[in-house]
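Report on one structure; see the data block that follows.
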């Protein structure tokens with residue numbers, strides 16, 4: 001198998017990991033709770049999904065298109081469960097942020113400029129989730145598998161973009177992958193804290 005075919009395989013694996021990770025987060029929100037899940041982060045995910053779909057059409061890449069299109073329904077379902085109509089200012093700020101850093105650079109500098117701007121947005125859109133995890137101990141709704149799959153997916157995307165020489169997409173995805181890794185590690189720590197606290201409560205009850 002040539003390196004090109006291997007890179008394409010990594011691209012399709014990236015699609016599967018991206019969709020699987022988003023589906024895992026949706027299942028956790030639907031089954032357990034929305035506690036600890038950031039509306040700003042997931043609203044930006046939706047807007048980024050639309051942007052990457054458009055970029056995929058421009059690059060004639062079915063891999064980029066499907067990676068976004070298949071994830072969008074899960075992302076939108078998560079946003080719906082977070083009741084965005086109650087916090088419409090968050091949605092408005094997310095939209096404005098996307099237009100300024102993604103759409104406007106495309107108009108001024110072309111797609112590479114917009115993709116570099118997307119890298120900024122993809123890192124910033126993870127910041128609210130990081131802040132939620134730092135500020136609040138209850139991270140019940142945050143799926144560690146989702147963010148871990150996101151990291152693995154980012155690695156596969158980087159390998160795919162390197163072969164296709166989409167350097168802006170490679171740099172943006174690499175930065176987003178590092179931010180996702182931070183969330184996965186912090187969420188793991190919060191879940192471990194919750195388990196230890198629960199075990200302590202059970203021990204106190206038995207002692208009583």
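The values are calculated or read from the model by the stated rules, or taken from the named source; none is laboratory data. If you're wondering where the values come from, they're calculated on a predicted model, not measured in any experiment. Cβ placement follows ideal geometry from the backbone for every residue including glycine, while neighbour counts extend to all protein chains displayed.
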Residue within the stretch 79-89 that is crowded, with 17+ Cβ neighbours inside 10 Å and within 30 Å of residue 9 (Cα to Cα) present: no
Test set (1) at pLDDT 90 or above; (2) buried (at least 22 other Cβ atoms within 10 Å of the Cβ); (3) under 20 Å from residue 173 (Cα atoms) - residue 126 fails condition number: (1)
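Got a sec? Which of 169, 174, 154, 179 is surrounded by fewer than 19 Cβ atoms within 10 Å (Cβ to Cβ), part of a helix (DSSP H, G or I) and modelled with pLDDT of 90 or more?
On the way: 169 fails: surrounded by fewer than 19 Cβ atoms within 10 Å (Cβ to Cβ); 154 fails: surrounded by fewer than 19 Cβ atoms within 10 Å (Cβ to Cβ); 179 fails: surrounded by fewer than 19 Cβ atoms within 10 Å (Cβ to Cβ).
Just one listed residue meets the conditions, 174.
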Condition broken by residue 36, with the remaining ones in (1) in contact with a helix residue (DSSP H, G or I) (Cβ under 8 Å, 6 or more places away or on another chain); (2) outside any helix (DSSP H, G or I); (3) at negative phi satisfied: (3)
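Check whether at least one residue in the stretch 87-109 is in a loop (DSSP other than H, G, I, E, B) and either modelled with pLDDT under 90 or under 17 Å from the mean Cα position of the chain (by Cα) (or both), and report yes or no.
First, pick out the residues of the stretch 87-109 that are in a loop (DSSP other than H, G, I, E, B): none.
No: zero hits.
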